[in-house]
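Here the structure comes first, spelled out in structure tokens, and everything after it is commentary.
The values are calculated or read from the model by the stated rules, or taken from the named source; none is laboratory data. The structure displayed is predicted, hence computed values, not measured ones. Reconstructed Cβ throughout: ideal geometry from the backbone, glycine too, with neighbour counts over all protein chains shown.
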Amino acid sequence: GYTGSGKTSLIDLVPRLDGCTQGEILIDGNNIKSIPLNVIRTNIGLVQQESFLFSDKVINNISYGLREIDRDWIYKVSKIAQFDDDVKEFPDQYETIVGERGITFSGGQKQRASVARALAINPKILILDDSFSAVDTHTEEEILRNLKEFMLGRTSIIISHRISTVKDADKIIVIDKGKIAEEGVHEELIALGGIYSDLHYKQLLERELEELN
């Protein structure tokens, strides 16, 4: 959906960052209000629009919330998030300090570090809320390809206004003014000629113009 269409407001209900005032939200047939909050939070990996990192070591940022650090696992999820190569270029690699007392991450590095942190809990549900806005298209495609394998048999919810991010999803839902306007797979929505199709062709044109420049 377009920016401001209500995508984030809707998805914030799943990890109970906001309360559901009407209707109900079910996970495997269970109302989320009946599930303890700590159970929900430990099973949902969430990457929000604004990526937050602590002024601490890279490895501590990625392993935040884990009871113990398994370095091989941290390296694995960093590779899935296309972040491992960046870390290897840092002065002390995974021991490098980030933030006020250390190095400064680019927007894309922050987002990829946040994706790695979400994967580190091995979530049953992964929510990515416009999590690749600062990542180039090629890197985004690599991450999505990796996530498809990593999250096989589990649920991934990807929120974006970029068609390239969601076009391969099993189900695409278009939100407009807080309501579902369209749903289906990529080809069906293109054929429908509605909001999704409009966004698709506008973004194709924008990309072609960028390549010309």
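The table below gives the values:
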item	result
Scan of segment 4-21 for residues that are basic (Lys, Arg) and surrounded by 18 or more Cβ atoms within 10 Å (Cβ to Cβ), ordered by number	LYS7
Meets criteria (crowded, with 17+ Cβ neighbours inside 10 Å, under 21 Å from ILE173 (Cα atoms) and modelled with pLDDT under 85) for GLY1	yes
Conditions (1) of a type outside the set (Val, Ile, Thr); (2) surrounded by fewer than 15 Cβ atoms within 10 Å (Cβ to Cβ); (3) modelled with pLDDT of 85 or more; number of the one not met by PHE52	(3)
Helices (runs of 4 or more DSSP H) (entirely within segment 13-110) containing at least 2 residues that are of a type outside the set (S, T, N, Q) and free of Cβ contacts under 8 Å to residues at least 24 places away in the same chain	37-43, 71-80, 84-88
Complete set of residues in segment 9-53 that are under 17 Å from TYR64 (Cα atoms) and either aliphatic (A, V, I, L, M) or touching a helix residue (DSSP H, G or I) at 6+ places or on another chain (Cβ under 6 Å) (or both)	VAL39, ILE40, ILE44, GLY45, LEU46, VAL47, SER51, LEU53
